[in-house]
1. Among bridges DSSP assigns within the chain, what percent are antiparallel (round to 5)?
2. So if I place +1 on the C-beta of Lys and Arg and -1 on the C-beta of Asp and Glu, and nothing else carries charge, what would the dipole magnitude of the chain be about its Cα centre? I want it in debye, nearest 20.
3. Using the structure shown, list the pairs from LYS43/LYS117; LYS43/LYS105; LYS85/LYS117; LYS43/LYS118; LYS43/LYS85 with a Cα-Cα distance above 22 Å, or answer none.
4. Can you compute the modelled spin-label distance between LYS117 and ARG13, with each label point 7 Å from Cα toward Cβ, in nm?
5. Cross-link candidates for LYS106: which aspartates and glutamates have Cα within less than 15 Å, leaving aside residues fewer than 8 places away along the same chain?
6. For segment 105-137, which GluC sites (Glu not before Pro) pass both filters: DSSP loop (anything but H, G, I, E, B) and at most 11 other C-beta atoms within 10 Å?
Amino acid sequence: MNGHLNVRRVLERFVESFDALYGDADETFLEEAGRRYFMLFLKPIINGVGNCYMEARTRNRERMDLVIDYRGEQFVVELKIWREKACHERGEQQLSAYLDRFHLKKGYMLSFCFNKKKEVGVKEIVLGDRLLVEALV
């Protein structure tokens, strides 16, 4: 859209596609597999204009799951396996800390959940002065 990457829209479309194809996956599904599926989905979208980096390191040697560079903008995406609410909240805090290091106000989280009663979709969470766009599949 206007030369900008709409990561929220990318996540929405990924959630739809993933849920249709793999919505009944069980917990043997690993975070690494989810990362690969998302990368396969993302690559054609940013092809030729952007890059993405898995396990990118911060200055203090922490590893972020995914950083997308697209037309001079950077986007940080944290990928998680949903285990419980407390773990998910720690993931949100972790993402917020990464955003501090990149001087960004918006970040993205993609969680893979195996609870049959999950609410699949994308929502926004305000965490301090940060906006987190969270997708759950």
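1. Given both bridge residues lie in the chain, the antiparallel proportion sits at roughly 65 percent.
2. Values: 23 positive and 22 negative charges, 66 e Å.
Dipole magnitude for the chain comes out near 320 debye.
3. With Cα atoms farther than 22 Å apart: LYS43/LYS117; LYS43/LYS105; LYS43/LYS118; LYS43/LYS85.
4. Result for the modelled spin labels: 3.4 nm.
5. Those aspartates and glutamates meeting the cut-off are ASP69, GLU73, GLU78, GLU92, GLU124, ASP129, GLU134.
6. Listed in order of number, the matching sites are GLU119.
Rule-based calculations on the coordinates, nothing more; no lab input. Remember, predicted model here, so these are calculated numbers, not experimental data. Here the Cβ is made from the backbone with ideal geometry for all residues, glycine too, and neighbour counts use every protein chain on show.
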